[in-house]
Amino acid sequence: MITMYGIKNCDTIKKARKFLNAHNVDCEFIDFRDQPIDESILQSFVNAIGWDKLINKRSTTYRQLTDTQKANITIELTLKNPTLIKRPVLVTDGDIRVGFSEKSYLELV
């Protein structure tokens, strides 16, 4: 089972979902805004890939953080501001991928 986390109106999410649909890959989509992720799921992302890969430092939300917040990203801060998370987060059996890359996604088909 593949689960994709993100925000439905995100262009990168749209590209990723279109790619998976075109390749007949079933995927459950969870919108951060409709179904906020819980702390344990977010912690599993951090444990698997680390804050550097998980946080979207080009996002408006990130740019609006104080320098202190940027230097100290926490689970609590990220749960309150899920748009800090780079999208999409794709969870497969034992693998977590962040962002969309056709090359990476081709490994799933």
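Given L42, L79, L54, which one is among the hydrophobic types (A, V, I, L, M, F, W, C) and in contact with an Asp or Glu (Cβ under 7 Å, 6 or more places away or on another chain)? Quick ask: steps written out before the conclusion?
Working: L42 fails: in contact with an Asp or Glu (Cβ under 7 Å, 6 or more places away or on another chain); L54 fails: in contact with an Asp or Glu (Cβ under 7 Å, 6 or more places away or on another chain).
Only one candidate passes the filter, namely L79.
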Problem set entry | Scan of segment 25-49 for residues that are over 19 Å from I75 (Cα atoms) and either in contact with a Leu (Cβ under 9 Å, 6 or more places away or on another chain) or modelled with pLDDT under 95 (or both), ordered by number | V25, D26, C27
For this session: Please identify the pairs in which a residue from segment 68-81 that is under 18 Å from S44 (Cα atoms) and of a type in the set (A, V, I, L, M) has its Cβ atom under 9 Å from the Cβ atom of a residue that is open to solvent by 60 Å² or more (accessible area, probe 1.4 Å) and assigned to a loop (DSSP other than H, G, I, E, B), counting only partners at least 6 apart or on another chain.
Result: L79/P36; L79/D38
Exercise. For segment 7-53, which residues satisfy the criterion of being touching a strand residue (DSSP E or B) at 6+ places or on another chain (Cβ under 7 Å), of a type outside the set (F, W, Y) and within 19 Å of D95 (Cα to Cα)?
Worked result: I13, A16, R17, C27, E28, I30, I37, A48, I49, K53
Seminar exercise, completed: Of the candidates Q43, Q69, Q35, the one satisfying the condition of being over 26 Å from L108 (Cα atoms) and of a type in the set (S, T, N, Q) is Q69
Problem set entry | Close pairs from segment 88-109: first touching a residue at least 24 places away in the same chain (Cβ under 8 Å), partner assigned to a helix (DSSP H, G or I) and of a type outside the set (A, V, I, L, M, F, W, C), Cβ under 6 Å, at least 6 apart | V98/K53; F100/T12; F100/K15
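The values are calculated or read from the model by the stated rules, or taken from the named source; none is laboratory data. The model shown is predicted, which means the values in this text are computed figures rather than measured ones. Ideal geometry is used to build each Cβ from the backbone, glycine not excepted, and the neighbour counts take in all protein chains shown. For accessibility, only protein heavy atoms count, side chains too; no ligands or nucleic acids. Shrake-Rupley method; radii C 1.70, N 1.55, O 1.52, S 1.80 Å.
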